[in-house]
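What follows is a set of notes on a single structure, which appears directly below.
Derivation of every value follows stated rules applied to the coordinates shown; laboratory data play no part. If you're wondering where the values come from, they're calculated on a predicted model, not measured in any experiment. Cβ: placed from backbone, ideal geometry, glycine included. Neighbour counts: every protein chain shown.
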């Protein structure tokens, strides 16, 4: 089924070391709205090697000074800033997730609407 998406098709990479990168294998996958068949994004067809690179990067970030050396107070501030960013982007996130999963937007709102609160709660533990 070839249906034109209502949104611009995004081309995204794997987010590793602070930047989007292509899959090591170079392949891509189309993400389709299951309700309409419209292509809503193109993403890397990630391989085991891609996962290994991402996990090593995440481990280095976790153990490094940027996160591991950060005080608890600074971590809380950072998580709250992330929650604020999600809060500000909720209308766009509702649309994108509805396009991604094909569910009614009211269900998506119920699912995603509390995400900023969850981040703030767990950031404060």
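Data for the structure
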{"quantity": "Degrees, to the nearest 10: 48-63 long Cα axis against longest axis of the chain", "calculated": "30"}
{"quantity": "Volume per residue of the C-alpha convex hull in region 70-125, rounded to whole Å³", "calculated": "71"}
{"quantity": "GNM flexibility winner over the chain from 19, 111, 95 (Cα, springs under 10 Å)", "calculated": "19"}
{"quantity": "Degrees, to the nearest 10: 72-101 long Cα axis against longest axis of the chain", "calculated": "10"}
{"quantity": "Alpha-carbon Rg with Dmax, taken over the chain, Å", "calculated": "17.4, 52"}
{"quantity": "Mean Cα-pair separation over length for region 39-125, i.e. relative contact order, pairs under 8 Å, 6 or more apart, %", "calculated": "32"}
{"quantity": "Ranked packing of 43-51, 65-73, most packed first, by mean Cβ within 10 Å", "calculated": "43-51, 65-73"}
{"quantity": "Separation between Cα centres of region 62-125 and region 28-50, rounded to whole Å", "calculated": "23"}
{"quantity": "Per-residue [θ]222 nm for the chain (sum of -39500 (n - 2.57) over DSSP H runs n ≥ 4, rounded to 500)", "calculated": "-16500 deg cm²/dmol"}
{"quantity": "Pairwise FRET efficiency - residue 115 versus residue 58, Cβ, R0 = 30 Å, nearest 0.05", "calculated": "0.90"}
